[in-house]
1. Exactly one of (1) surrounded by 17 or more Cβ atoms within 10 Å (Cβ to Cβ); (2) farther than 25 Å from residue 175 by Cβ; (3) at pLDDT 90 or above is unmet by residue 87. Its number?
2. Any idea how many residues of the stretch 125-160 are at pLDDT below 90 and over 19 Å from residue 70 (Cβ atoms)?
3. Please go through the stretch 115-157 and give me each residue that is touching a residue at least 12 places away in the same chain (Cβ under 8 Å), in a helix (DSSP H, G or I) and surrounded by 13 or more Cβ atoms within 10 Å (Cβ to Cβ), ordered by number.
4. Has the stretch 49-64 got any residue that is at pLDDT below 90 and buried (at least 16 other Cβ atoms within 10 Å of the Cβ)?
5. Let me spell it out: the conditions are (1) farther than 30 Å from residue 148 by Cβ; (2) at pLDDT 85 or above; (3) in the same structural domain as residue 170 (by TED's automatic domain parsing); (4) surrounded by 14 or more Cβ atoms within 10 Å (Cβ to Cβ), and residue 76 meets all of them except one. Which number is the exception?
6. More than 30 Å from residue 130 (Cα to Cα) and modelled with pLDDT under 80: does that describe residue 15?
């Protein structure tokens with residue numbers, strides 16, 4: 001960024017300088033274009049990326065809430081040796097289930113079900129009530145993603161898109177300026193060679 005500002009100051013102050021080279025003006029214009037993209041394009045890309053991610057995640061949230069249903073279960077017993085994190089990485093704090101228990105519940109068709117489920121709270125004594133989530137077939141599933149968690153993911157996606165766009169702009173600027181510098185030195189080499197062997201060549205110290 002410091003180099004870009006220096007080139008921009010040169011573009012504004014030295015427009016009538018007879019020693020100013022055409023390559024200097026081109027480099028300054030490249031720096032100006034990159035700066036505008038960093039100030040306008042990268043934030044716009046971040047906003048668009050975050051908005052797209054939020055729309056997709058909110059759609060997923062609605063679908064999960066339609067497909068998954070809370071069910072009242074009853075604790076049958078605790079599953080030994082399974083006190084560990086088993087949460088869904090997409091979910092919020094309510095998904096940080098750490099304890100497995102055997103529970104019984106009723107499927108949507110009225111048939112009884114018994115199986116291992118995870119709970120973030122204490123398992124309670126056998127016979128204690130427990131709230132679980134099931135799918136349409138009555139099988140236990142992770143709780144649906146909440147809107148707040150989805151929005152947090154969308155914000156992170158927007159920030160990532162902004163940083164990626166800014167990195168691409170800077171990489172593009174460096175590539176263009178680097179090519180221009182190489183072309184300038186190649187042209188100087190040719191000019192020194194045309195001036196005669198007695199003048200030496202650029203970079204030889206002659």
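1. That leaves (3) as the condition not met.
2. 3
3. 147, 149, 150, 151, 153, 154, 155, 157, listed by residue number.
4. From the stretch 49-64, those at pLDDT below 90 are none; that's our starting set.
Within the stretch 49-64, none of the residues are at pLDDT below 90 and buried (at least 16 other Cβ atoms within 10 Å of the Cβ).
5. So the condition that residue 76 fails would be (3).
6. Yes; evaluated as a whole, the condition is true for this residue.
The values are calculated or read from the model by the stated rules, or taken from the named source; none is laboratory data. Predicted, not measured: the structure shown is a model, and the values here were computed from it. FYI the Cβ positions are ideal-geometry reconstructions off the backbone, even for glycines, and counts take in every protein chain you see.
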